Amino acid sequence: MAFASPPPDVPPGVYKQSCNGESMNSTTLIAQCTDFFGNKKWSSLGNAAKCKDIENIDGNLRCVIDKKRGNNNVGVDWYDVISITSDVTKNNVETKVWRIDRPNVWQETTPYPNIKFRPGDRVSFNAGGCAQTGRSGASWDEYLWPQGDDAPTYYAGTAYIQGVTGSSGRRIGSLLSCQPFLVTAPHPGEPPDRFLSLGYEDNNYSDNGYWKHDNGQRDQCKNVGPAWVEVTVVSQVRGGTPVTQGTKWSPGCKPFDLIWDTDNEDFNGLPLNPQWLFQLQHKGEQPDFGDTCRSAFPDSKSVDYTKLSQECTSQDPTTDIHYVFFGACSGSPLQGHLNWMIATYQGPVWWEGISGQHPGYPQWDNSLYDDDYNMDLKPRQGAGLTRSGDPGKPHPPAATIHMEMDPKEGVEQMGSPFWQKWQGNILSGGALSAKGYDNAPLIAMFGGDHGLYGVVTGLFGLDADHGGFTELHPIFSMAVRTKRTVNHTVNGDKILDHWAFFLRNYGSEGGCASSGLHMWHSPTGEYFVQVPKPQGVTALKQITDRQGWAWDKGNMSTLSFVQSKDWLMVKVRPRDPWSPFGADGEFTAEYTLPAGKKAKEAPAPEGRPKAREEERESKDFSASIADPAVRAKFQAAMKAPPSSAPPKEKVSIEVSPEVTTAQHAPGAAGKGQATTTRVVADPARQQRDAQLIQVMQTYSKDLKVEVPANPTSKATIIRSKPATAPPAGEPPKPQPTQ
């Protein structure tokens, strides 16, 4: 006589303190558990007998691997509760789902070393729930898609895996458009495994947590409990194709994601010659910014970052816009700039002109020009270039990256001969000549039609105010080869390269931008200007014709030379790297090329690039003033010279001829991370803008324009919740594997 097997024993655990009606259905535990709001709900846990710690987490049975003790300030007994909700192996492929319930939201970044990733893994994210932000009024916000006040900037969960997800602290909502992420092989010397870090965006973490639940603004957290994150990892178990080394590209998934070879960063840890992902996928073809991204700009002062991440770029570029010179900044599609990161490019450099006073322009409107010096660089293989233009007009491919810098921000402090000559062709008594300037000598000085070969570092972005062309603005450093001499001997060739360079850690973005200074901070306190060695040389014999200048006696820099196999660098170390500094200089590098070898020259450019449509951040407002006397007074007020900071005292720097060999460890770009700028106030620019606003307000009735009392130079940031996004408390749906 056969007897039925007795039901399996219900496993022990603290879950019994808040669950009842527990039973086993084969290997699955079923129980009715109390959720975060005190309601009862049924929950299940597979393979329960194998779990050592079964707990009820917000009404769900979890096999807990790790957790941290909370307190009254946090609002829950336990937080950072880590469990594995699924672990399935099929056809030699393992799919494991890690879950973090109640993630830490009271600090910027939290590492989770238990959750590791191996080369070849494919990683996807999902998240939901809400968290207490501590602000006044309804203060709970969705963790993934916060919708309340300040939500575009704060109150969202972030995630980071080194070398996998890009720069640290990216919103999980932005990552969803790029997954799954491929875990690549680490660089030499890096740990073989990567691990997860989560974070939270806020400006005050002291009152965050999971205490005193409310529905949140717009009822976004109604009936929604604490936040959670799930990380799905798909791994090859055995017999799979190993991860090949190849080119280790930085993370990217959208057309306007800027990517680079992480094994080929510059010595500042910055991307070297980065390109758009679209270019990599389309054999160098330039993407069209307007056609691809325009829907993310509801108007000329707003950016919808959700649409931007879905259609254009996953990298969350920052904005720098102006309150508009009362119609002068065109705003197509944004009245200012979209900035990605600081980057370095190589190629021929041409002088273009000054977006300031030009011969024949009405002298009265000089104060509305930004007076930027404009140059162009032709990047290798067109890296980073875009098609751009106004709606309804042709969008031809670009030939160069546009480059700008304000001469009042240090150019007038340069002391070496090349840069002094540069000023001499432009400046008259330290300012623009009232009669304009002659562009021809400047074009010739920068190599005429062929340009001067250069290496330039600057803030890489798109001038969205003028259609979306690529630019380095501001320029942080530049080195141009002003002369090359080759002397032939029976023992080989002697090559002499003469370089002029400058480097600074600050700069603004001109007239159609805010009144802030973009600051470049090096984590080591050292900065490098690097120039390539001639191909084929076997030795750097000596450095001659050395000279250097510091732009501010109060923040001196030391200059020295270091080299690697392919590069020669000027190392600049300021006394205070957190404050504005600048330095410039010149030198001649002498190299030896063995007999039988010939120096390789890059092919000459096909000629000077076609001039771009001129940037004018001004228009003749006085034409709308009917009374000639009032018009004359307005023109006189506008002709007043703009405020500028008092000049610093520049000093000569002793530069040693010694050259040491550089030992370069991977920096931010080598880890797939971008380096961005820190924006600080520029009192001189603020005073200048205040003067202009006051003049415009005084004559607003005569000009027939409305001048706001407190114009803002901040873009309106929108992060619309995708229509396809599930409710914040809904369990995640399975993610497809690739």
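Here, region 70-236 yields an orientationally averaged convex hull projection of 10.3 nm² when only Cα atoms define the hull.
Once every DSSP H run of n ≥ 4 in the chain is given -39500 (n - 2.57) and the sum is divided by its residues, what mean residue ellipticity at 222 nm do you get, rounded to the nearest 500 deg cm²/dmol? Before the final figure, lay out the partial values.
Values: 9 runs with 67 residues, N = 738.
Value at 222 nm, helices only, nearest 500: -2500 deg cm²/dmol.
Over what distance in Å are the Cα centres of region 24-95 and region 168-183 separated? What the calculation gives is 25 Å, centre to centre. For the chain, the equivalent ellipsoid derived from the Cα gyration tensor has semi-axes of 53, 34, 21 Å, listed largest first.
Quickly rank 94-102, 453-461 as a protection proxy: mean count of other C-beta atoms within 10 Å, highest first. If you can, show how the numbers build up before the last one.
Values: 94-102: 21.4, 453-461: 24.2.
In decreasing order of mean packing, 94-102, 453-461 become 453-461, 94-102.
Ranked from highest to lowest mean number of other Cβ atoms within 10 Å per residue, what is the order of the peptides 412-422, 142-152, 80-90? Provide the component values of the computation, followed by the final result.
On the way: 412-422: 18.3, 142-152: 22.2, 80-90: 15.6.
In descending order of packing, they fall as 142-152, 412-422, 80-90.
In a solvent-free Debye calculation with one equal scatterer on each Cα, what is log10 I(q)/I(0) for region 471-512 at q = 0.24, 0.27, 0.29 Å⁻¹, listed in the order of the q values? Relative scattering, expressed as log10 I(q)/I(0), comes to -0.84, -0.93, -0.98.
Under a model in which nothing but the beta-carbon of Lys, Arg (+1) and Asp, Glu (-1) is charged, region 70-236 shows a dipole of about 460 debye around its Cα centre. Here the dipole of the chain is about 1180 debye; that uses its Cα centre as origin and unit charges on the Cβ of Lys and Arg (positive) and Asp and Glu (negative). Take 481-487, 677-683, 303-309 and order them by the average number of nearby Cβ atoms within 10 Å per residue, most first; the result is 303-309, 677-683, 481-487.
Computed from the C-beta positions of Ser700 and His282, the FRET efficiency with R₀ = 45 Å rounds to 0.35.
The three principal axes of the Cα atoms in region 1-49 give end-to-end lengths of 50, 16, 16 Å, sorted in falling order. Counting neighbouring Cβ atoms within 10 Å and putting the fewest first, the residues Ser139, Ser388 line up as Ser139, Ser388. Selection among Phe125, Val81, Ala227 by position relative to the dipole of region 70-236 gives Phe125 as farthest towards the positive end (Cβ unit charges, Cα centre). Among beta bridges from DSSP that stay inside the chain, the antiparallel ones total about 95%.
Using a simple spin-label model with pseudo-atoms 7 Å out from Cα toward Cβ, Asn204 and Glu649 lie 4.5 nm apart. Binning the alpha carbon pair distances of region 103-163 at 5 angstrom intervals from zero yields the distribution 4, 14, 24, 22, 14, 11, 7, 3, 1, 0, expressed in whole percent.
No value in this document is a laboratory result; all are computed from the given coordinates. Nothing here was measured: the structure is a model prediction, and the numbers come from that model. FYI the Cβ positions are ideal-geometry reconstructions off the backbone, even for glycines, and counts take in every protein chain you see.
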